[in-house]
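Every number here is computed from the coordinates shown, using simple stated rules; none is lab data. Keep in mind that what you see is a predicted model, and the values were worked out from it rather than measured. Don't worry about glycine lacking a Cβ; one is built from the backbone with ideal geometry, like all the others, and counts go over all protein chains shown.
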Amino acid sequence: MTVETCVAFCGSVGYIFAGVEFAQEYCDSTIQIPSVPSELADCDLACSGNSSELCGGSDNILIYTNGQPSPVIVQDVGQWSYTGCFTDSVAMRSLSVGIDVPAGVTAASCTAACQTEDFSTTGLENGEECWCGNALGNSSIHVGDDDCRTVCTSDHTEYCGAPDRLALYEFTASGSPPPPTTCTLNNISNFTLRAKTRNPPEDGSSGEVPLKIVLVEMVPSVTWAILSVKEEFLL
């Protein structure tokens, strides 16, 4: 461990701060509360990889920064608005439906996922969790925004709530179309799924091609539906 190796590693994975403490390295893009400045003399342990450098101390961390802008809590995403930071717990969820976002959780991706499922409330939690619902649980309490300062795992320019803390967004439909609704038909059978081009082909054909749904279980209990088309129809 040296200061240089710690700074290089944290910078390579997109963090703003690099810290050395008791021969270990830490990365983040925010200095978490309730951390407070301490005396430099308290960081008196030599680095294991370079005895001429100091690598923090016991319960004291030497922090370096690359000076990049700090992450933010995104305030508005399309028709969604940030309404505050709220408590949550595993035993009693404030929002009942967890959504898997394969591309990574951000304010934009989580609100889009919840809107697709016809929910009006979205919560980002613990840097990588996306929760949906239509009403916040009665046990949830509004707390300060400083409680929702865990950097999004997929985008270090944004905050995504924190452990047991939801960064909450509400859908506002005023002057805008409502979110998409889910299909409620349950008597569909014997149909052929087809795709149609947006613009009519110049050769006068219908521009339609048959599609096939391929079900793939990528992880246990999670199945993805992939739309496929024969290569001959793409020529």
| query | How far apart, in nm, are the 7 Å Cα→Cβ label points at Ile63 and Lys196? | reply | 5.8
| Distance in nm between label sites at Ser35 and His142, each 7 Å beyond Cα in the beta-carbon direction? | 3.0
| request: Would you look at the GNM of the chain, springs on alpha carbons closer than 10 Å, and say which of Val13, Val143, Val216 moves the most? | output: Val216
| task | Would you look at the GNM of the chain, springs on alpha carbons closer than 10 Å, and say which of Glu208, Glu129, Glu158 moves the most? | result | Glu208
| said: If you fit an axis through the alpha-carbon atoms of helix 3-12 and take the longest principal axis of the Cα set of the chain, what angle between them do you get, 0 to 90°, nearest 10? | reply: 10
| task | Answer rounded, prolate or oblate for the range 1-41, using the Cα gyration tensor with square roots of eigenvalues a ≥ b ≥ c: rounded when a/c is under 1.5, else prolate when a/b is larger than b/c, else oblate. | result | oblate
| Rounded tilt (10° steps) of 107-116 against the dominant C-alpha axis of the chain | 30
| remark: Here FRET efficiency (C-beta to C-beta, Asp76 to Ile213, R₀ 35 Å, nearest 0.05) is 0.45
| query | Taking the radius of gyration and the Kirkwood hydrodynamic radius from Cα positions alone, what is the Rg/Rh ratio for the chain, to two decimal places? | reply | 1.13
| message | Test of understanding: in a Gaussian network model of the chain with alpha carbons linked when under 10 Å, which of Ser89, Ser35, Ser154 would top the mean-square fluctuation ranking? | response | Ser35
| request: With a/c under 1.5 counting as rounded, go ahead and sort the range 76-171 into rounded, prolate or oblate using the C-alpha gyration tensor (a ≥ b ≥ c being the square roots of the eigenvalues; past the cut-off, prolate if a/b is larger than b/c, else oblate). | output: rounded
